[in-house]
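Quick notes on the structure that follows.
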Amino acid sequence: MESTVAVLRELRGAQKPAKGVSLYSRYVNRPAGRIFAAAAYRLGMTPNQVTLVSAAFTFAALASVALVRPGWGLAVLVYLGLAVGFALDSADGQLARLTGRGGPDGEWLDHVVDCAKMILVHTVVLISFHRYFGPGSDGWLLLPLGFLFVAVLTFCAGLLREQLGKAAARAASTGGVPAAPASRLRAVVLLPADYGVFCLVFLLLGDETAFHIGYAALAAVHALFLVAFLGKWFRELRALRAD
């Protein structure tokens, strides 16, 4: 079997394009995922097994938000669980490209886990607000519901944009159009919308006020991104309509 160094070298050449990816995913999550992918390859794991391990880390961290009283120790553990789960979410795709063992079943499983994560991450915040934060927090219960709406709509609309765009491109069969280079400015602008950056808010779980403010700020930013994304994706799909 190849050495870990050799596997890492091959993985560097099997990365997705950097276009449309934030600096966090490009310089933190993907490199971390590359290390996990190399370890999984050495252990003989399949991409689907890595996806399930990712889900285990993520869902364990989210369950603790709903079941354990907030504190600084919990905040660190939740963040680490979510960050590792996100890195493993990158590792499964990298392992699939390295081994050629990807397929529709793996893509389906990955999307199912991502969808469950998007729903649960805001559901457990709602539960935590209700169970552990003060009686004056009742009005805050609406915030996770609104954030949940924004997150699910963004996820579903983005997935549809990707799939419909691929179908239109196949129908047009134009091909040969070079991809635009990745923009560093765009990568910076996208940072607040990155799931890895969102996970950082859980480091504030030890302080009720700080978590409320941080979570509300991210909700507002994600809502603005949703409006921008919907307009952009609609224009792109309209441009693909056949004459």
> Mind checking the log10 I(q)/I(0) for segment 94-169 at q = 0.12, 0.27 Å⁻¹? Debye, one equal scatterer per Cα, no solvent, two decimals.
Replying inline: -0.51, -1.17
> Per-residue HN-Hα couplings for segment 214-225, Karplus 6.51 cos²θ - 1.76 cosθ + 1.60 at θ = phi - 60°, whole Hz, x for Gly and Pro?
Replying inline: x, 5, 5, 5, 5, 4, 5, 5, 5, 5, 5, 5
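Where nothing but the Cβ of Lys and Arg (+1) and of Asp and Glu (-1) is charged, how large is the charge dipole of segment 56-172 around its Cα centre, in debye to the nearest 20? Don't skip to the end; give the middle numbers.
Values: 8 positive and 8 negative charges, 15 e Å.
For this selection, approximately 80 debye.
If I stretch the segment between L224 and V76 completely, what's the gain in nm (0.36 nm per residue apart, minus their alpha carbon distance), one decimal?
Values: separation 148, 0.36 × 148 = 53.28 nm, distance 2.83 nm.
Stretched out fully, the L224 to V76 stretch lengthens by 50.4 nm.
Taking the solvent-accessible surface of protein heavy atoms with a 1.4 Å probe, what is the per residue accessible area of segment 62-162 in Å²? Don't jump to the answer; show the numbers that get you there.
Working: 4760 Å² over 101 residues.
Accessible surface, normalised per residue, equals 47 Å².
The values are calculated or read from the model by the stated rules, or taken from the named source; none is laboratory data. If you're wondering where the values come from, they're calculated on a predicted model, not measured in any experiment. We place every Cβ from the backbone using ideal geometry, glycine too, and count neighbours over all the protein chains shown. Note: areas computed on protein heavy atoms with side chains; ligands, DNA, RNA excluded. Shrake-Rupley method; radii C 1.70, N 1.55, O 1.52, S 1.80 Å.
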